[in-house]
Amino acid sequence: MTATAKKIFSYLIKATILVLAFLFIYNKFLGKNDSLQQFERLIAVISHRQVIYTLSAVVLLMVLNWFLESLKWQYLAKKLTTISVWIAIEAVFCGLTWAIFTPNRIGEYGGRVMFLPNRKRIHGIFAMAVGAFAQNVITNLVGVSASLWFIYYFLNINPWLYLGLVVLSVIFLGLFLIFYFNIKWLVGLLDRIKFLKKYHRFFEIMGRYNIDELLVVIGYSLARFFVFSFQYYLIIHLLLPDIPFISMMLTVFVFLFIQSAMPSLDLLDIGVRSFTAMHLFLYITNQQIAIIAAVSSIWLINLIIPAIIGSVFVFKMRFFDRTV
């Protein structure tokens, strides 16, 4: 391709990404959205000042959440190249724009690594995988523990079966932690697969992180987990102030754990999120409309608003950058 052709092709790709993102956003947000309309009706009877303060806090926590993710990405990327905090922020938000119309948010990888030098982008996908693994470790650790509480208090199961679940959970979480802190084992496993071994130069990046660095990454992940968990607390407490704090938060942890295990498309899984939350929270409240509205508002603030912000950075991606 000539330089002009590359430039035209690059702009066409970026324009396509923006069009797809905004079509999906229009379809799910600007189109009819019963859950968000229900949220508007519910907050209509609450103090206007309380609503403003709560929603402002939730939006600020959204910014903090993705800022922490940007710091985590900058930290992970330092094994490949040096990027500023601002570049990391641009990459994270741009990745969110890609994520909303791709299954299981896989587009987030493509959007984010485009801010790395051309020859480091495939390596960057595996560096991102380390961060995603850390986030899964936290979600599973907290979620499985909360699930054991949930089963004990709300599900009438045989004590021996429950004990078996506890033992299996401890083994599962122990193996999960051991594997995370020895992620270089994964590199060894991939090397044993004949057709993958030739790509060692790409995935060996995962083995470069030592235990201290993996602890830093999991620290960022833990901070993020409690930030977006607190968002749920603020919204649910706004709508249903009588739910006990402990019961609410542990149920939120179970919800996040189940949600993380489900395949999804960001702009289509609001129905799945609502269905899951509705049935979980049925054990502690009969106000299902309020729960659905709370989940929908968090979805809007945490995913749709950042995706719109990320669209600003789409045109800064360099598809044909030849730097090392």
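The values are calculated or read from the model by the stated rules, or taken from the named source; none is laboratory data. These numbers come from a predicted model, not from an experiment. FYI the Cβ positions are ideal-geometry reconstructions off the backbone, even for glycines, and counts take in every protein chain you see. Accessible surface is based on the protein model in full, side chains and every heavy atom, while ligands, DNA and RNA are left aside. Shrake-Rupley method; radii C 1.70, N 1.55, O 1.52, S 1.80 Å.
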Criterion (of a type outside the set (S, T, N, Q) and under 21 Å from the mean Cα position of the chain (by Cα)) met by exactly one of Arg192, Arg121: Arg121
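Here is a yes/no grid of residues against (1) closer than 25 Å to His123 by Cα; (2) open to solvent by 50 Å² or more (accessible area, probe 1.4 Å):
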{"position": "Tyr53", "(1), (2)": "no, yes"}
{"position": "Phe67", "(1), (2)": "yes, yes"}
{"position": "Leu76", "(1), (2)": "yes, no"}
{"position": "Lys79", "(1), (2)": "yes, yes"}
{"position": "Ser84", "(1), (2)": "yes, yes"}
Complete set of residues in segment 105-119 that are out of contact with any Phe, Trp or Tyr (no Cβ under 6 Å at 6 or more places or on another chain), surrounded by fewer than 20 Cβ atoms within 10 Å (Cβ to Cβ) and assigned to a helix (DSSP H, G or I): Asn118, Arg119
Ile243, sole failed condition from (1) surrounded by fewer than 19 Cβ atoms within 10 Å (Cβ to Cβ); (2) touching a helix residue (DSSP H, G or I) at 6+ places or on another chain (Cβ under 7 Å): (1)
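For Met262, state whether it is in contact with a Ser or Thr (Cβ under 9 Å, 6 or more places away or on another chain), loosely packed, with under 15 Cβ neighbours inside 10 Å and either within 30 Å of Val295 (Cβ to Cβ) or not aliphatic (A, V, I, L, M) (or both).
The answer is yes for Met262.
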Given (1) modelled with pLDDT under 80; (2) more than 30 Å from Gln288 (Cα to Cα); (3) among the small types (Gly, Ala, Ser), index of the condition Ser84 fails: (1)
Qualifying residue in segment 290-303 (condition: surrounded by 14 or more Cβ atoms within 10 Å (Cβ to Cβ), modelled with pLDDT of 80 or more, of a type in the set (A, V, I, L, M, F, W, C) and not in a helix (DSSP H, G or I)): no
Contacts under 7 angstrom Cβ, first residue in segment 280-292 being touching a residue at least 40 places away in the same chain (Cβ under 8 Å), partner of a type in the set (Gly, Ala, Ser), 6 or more apart: Ile284/Ser247; Ile291/Ala277; Ile292/Ser35; Ile292/Ser274; Ile292/Ala277
Leading residue by the ranking (farthest from Ile258 (Cα to Cα)) among those in segment 135-149 that are more than 15 Å from the chain's Cα centre (by Cα) and in contact (Cβ under 8 Å) with a residue 60 or more places away in the chain: Trp149
Failed item in (1) at pLDDT below 80; (2) crowded, with 18+ Cβ neighbours inside 10 Å; (3) β-branched (Val, Ile, Thr), with Val312 passing the rest: (2)
Output for segment 190-222, where each listed residue is closer than 27 Å to Val142 by Cβ, part of a helix (DSSP H, G or I) and open to solvent by 40 Å² or more (accessible area, probe 1.4 Å): Ile211, Asp212, Leu215, Val216, Tyr220, Leu222
